[in-house]
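Structure, as structure tokens:
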Amino acid sequence: MARIAGIDIPREKRVEIALTYIYGIGLTRSKQILLDTGVNPDTRVKDLADSDVQKLRGATEAYTVEGDLRRQEGMALKRLQDIGCVRGRRHRMSLPVRGQRTRTNARTRRGARKTVAGRKK
């Protein structure tokens, strides 16, 4: 099993897709890494040679991925919350941050519906 950036990437998938299992590497960056290293994107991870895995490891070190990236993003959110700006407060209250409406359609961010007891009219 190939281990890149501290992650065991899936053996049965194509390298192009398997690299996207690393936090911080999407399909575009995965394609760029494979282009830079000269590894064929259609090969399966189980068929990679050790030298190819070493090339991929070296190429991913050029980017901020996994723990460092998670830490950076967490620090950015914490900074927003500490200075008390609107975005920070919205993050703290688990509400949409970028101006979306909340009267309806905020289910992903706000969670499941909470029913209110029958009100008298």
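The values are calculated or read from the model by the stated rules, or taken from the named source; none is laboratory data. Please read these numbers as outputs of a predicted model, since none were measured by experiment. Please note: Cβ atoms are built from the backbone with ideal geometry, for glycine as well, and neighbour counts cover all protein chains shown.
Here are some notes:
- Residue in the stretch 86-101 that is in a helix (DSSP H, G or I), within 22 Å of Gly24 (Cα to Cα) and either in contact with a strand residue (DSSP E or B) (Cβ under 9 Å, 6 or more places away or on another chain) or free of Cβ contacts under 8 Å to residues at least 40 places away in the same chain (or both) present: yes
- Within the stretch 1-49, tally of residues that are in a helix (DSSP H, G or I) and out of contact with any Lys or Arg (no Cβ under 7 Å at 6 or more places or on another chain): 17
- The residues listed here are Leu95, Leu27, Leu80, Leu19; of these, the one that is touching a His at 6+ places or on another chain (Cβ under 7 Å) and either of a type outside the set (Ser, Thr, Tyr) or modelled with pLDDT of 90 or more (or both) is Leu80.
- Which listed residue, of Arg98, Arg90, is surrounded by 13 or more Cβ atoms within 10 Å (Cβ to Cβ) and not aliphatic (A, V, I, L, M): Arg90
- Near pairs, Cβ below 9 angstrom, 6+ apart or cross-chain, from the stretch 53-73 (farther than 17 Å from Glu16 by Cα) to any residue that is of a type in the set (Phe, Trp, Tyr) and part of a loop (DSSP other than H, G, I, E, B): Glu66/Tyr23; Gly67/Tyr23; Leu69/Tyr23; Leu69/Tyr63; Arg70/Tyr23
- Filter pass, Thr60 being under 29 Å from Val97 (Cα atoms) and out of contact with any helix residue (DSSP H, G or I) (no Cβ under 6 Å at 6 or more places or on another chain): no
- Contact map, the stretch 26-51: residues that are closer than 19 Å to Asp8 by Cβ paired with residues that are among the small types (Gly, Ala, Ser) and assigned to a loop (DSSP other than H, G, I, E, B), Cβ distance under 8 Å, separation 6+ or inter-chain. Pairs shown: Val45/Ala2; Leu48/Ala2.
- Filtering the stretch 65-106 to residues that are under 25 Å from Gly6 (Cα atoms) and of a type in the set (Gly, Ala, Ser) leaves Gly67, Gly74, Ala76.
- Selected residue (only one of Lys46, Lys55 is more than 30 Å from Arg109 (Cα to Cα), of a type outside the set (A, V, I, L, M) and surrounded by 17 or more Cβ atoms within 10 Å (Cβ to Cβ)): Lys55
- Leading residue by the ranking (farthest from Pro41 (Cα to Cα)) among those in the stretch 58-74 that are surrounded by 13 or more Cβ atoms within 10 Å (Cβ to Cβ) and among the hydrophobic types (A, V, I, L, M, F, W, C): Leu69
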